[in-house]
Amino acid sequence: MSTSPEEYDNMSEEERKAKDKSDREREAAEQAALPYKWTQLLGEVDVHVPVPKGTRGKNLIVDIKKKRLSVGLKGAADKILDGELCKEIKVEDSTWTLEDDVVLVHLEKLNKEQWWENVLTHHPKIDTRKIEPPDGKLSDLDGETRGMVEKMMFDNQQRQMGKPTSDELKKMEALKKFQEAHPELDFSNAKIS
């Protein structure tokens, strides 16, 4: 059962923790059932596809397109994975390798400011609002990317607490300065959007 943001906001702290825990458990079970494992950073997705022991690169058919991915074995009736990617990628910067009976598919996201909900559109989704980048990695990011990730994390925390996001805070501050500069104007019915 899906919960709307409004319903989630109206839950008590205890209800939210219980819902988050059950959602994480459900997501973990759904992700474990997939024929691959995947991880992501803001700009990339790595997909780890197990293949039969002793598989060689020449036995594989890996097709990476802007909005599609398939991995299969030559001569096999069915592909291990095949479908539409949830978002577009940069094909020229995406690669695959075979290591220890696992096909490692590295996908460079076209939009490096968006978390993916899943790899293939027909597979179960994760809740991207709950994503937190790995601790040690935040400091590895360049200044602009780090600022963007920190802003996303701050805004996510603010939303969960029912407080204004950084953009909303900026608008409120700008309105306050304008009000102070123009005390003769009536802002009692002003709406910020």
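Pull up all non-local amide H partners of Leu98: gap of 5 or more, or a different chain, and H-to-H distance under 5 Å with H placed in the peptide plane.
Counting only residues 5 or more places away or on other chains, the set is Leu104.
Using a 10 Å cut-off on Cβ atoms, rank the peptides 27-38, 114-125 from the highest mean neighbour count down.
Most protected by this proxy first, the peptides run 114-125, 27-38.
In whole Hz and in residue order, list the ³J(HN,Hα) couplings for the stretch 35-42 that follow from phi through the Karplus curve 6.51 cos²θ - 1.76 cosθ + 1.60, θ = phi - 60°; x for Gly and Pro.
Computed from phi, the couplings for the stretch 35-42 are x, 7, 10, 8, 9, 8, 10, 4 Hz.
Let me check I've understood the local charge: for Asp82, count other residues with C-beta under 14 angstrom from its C-beta, Lys and Arg +1, Asp and Glu -1. What total comes out?
+1
How much FRET efficiency would the formula 1/(1 + (r/R0)^6) give for Glu84 and Ser22, where r is the Cβ-Cβ distance and R0 is 35 Å, rounded to 0.05?
Plugging the Cβ-Cβ distance into 1/(1 + (r/R0)^6) gives 0.75.
Applying the Karplus parametrisation 6.51 cos²θ - 1.76 cosθ + 1.60 with θ = phi - 60° to the phi angles of the stretch 172-182, what ³J(HN,Hα) value in whole Hz is obtained for each residue in order, glycine and proline being reported as x?
Once θ is set to phi - 60°, the couplings for the stretch 172-182 become 5, 5, 5, 5, 4, 5, 5, 4, 5, 6, 10 Hz.
How high is the FRET efficiency between Glu30 and Leu169 when r is their beta carbon distance and R₀ equals 41 Å, given to the nearest 0.05?
0.70
If the reach is capped at under 12 angstrom between alpha carbons, list the aspartates and glutamates near Lys163, excluding any in the same chain fewer than eight residues apart.
List returned: Asp9, Asp155.
Whole-Hz Karplus ³J(HN,Hα) for the stretch 122-127, in order, using 6.51 cos²θ - 1.76 cosθ + 1.60 and θ = phi - 60°, x for Gly and Pro?
8, 9, x, 9, 9, 8
Determine the dipole magnitude for the chain: charges of +1 sit on the beta-carbon of Lys and Arg, -1 on that of Asp and Glu, nothing else is charged, the reference point is the Cα centre, and the result goes in debye to the nearest 20.
620
Using a 1.4 Å probe on the protein chains only, how many percent of the accessible area of the chain belongs to carbon and sulfur?
51
Is the stretch 42-102 rounded, prolate or oblate when judged by the Cα gyration tensor, a ≥ b ≥ c being the square roots of its eigenvalues, rounded requiring a/c under 1.5 and prolate requiring a/b larger than b/c?
It is prolate, given that a/c is not under 1.5 and a/b is the larger ratio.
Students often get this wrong, so check it: of Lys65/Lys112; Lys65/Lys171; Lys109/Lys177, which have C-alpha atoms separated by over 29 Å?
Flagged as over cut-off: Lys65/Lys171; Lys109/Lys177.
Normalised by the number of residues in the chain, what is the relative contact order in percent for Cα pairs under 8 Å and 6+ residues apart?
RCO, the chain: 16 percent.
What are the residues whose amide H is under 5 Å from the amide H of Leu73, where those residues sit 5 or more places off or on another chain and H is modelled from the backbone?
Under 5 Å from the amide H of Leu73: Ile61, Ile80.
Please list the non-local residues whose amide H lies under 5 Å from the amide H of Arg68, H modeled 1.01 Å from N, same-chain partners needing a gap of 5 or more.
For Arg68, whose amide H was placed from the backbone, the distant partners under 5 Å are Leu85.
What net charge do the residues around Met11 carry, taking every other residue with its C-beta under 14 Å from that of Met11, with Lys and Arg at +1 and Asp and Glu at -1?
-3
How big is the gap, in Å, between the Cα center of the stretch 92-106 and the Cα center of the stretch 150-166?
If you average the Cα positions of each part, the centres end up 36 Å apart.
The values are calculated or read from the model by the stated rules, or taken from the named source; none is laboratory data. Here the structure is a predicted model, which means the values were calculated and not measured. Cβ sites come from the backbone with ideal geometry, for glycine too, and all protein chains shown count toward neighbours. Areas reflect the complete protein model, heavy atoms only, side chains present, ligands, DNA and RNA absent. Shrake-Rupley method; radii C 1.70, N 1.55, O 1.52, S 1.80 Å.
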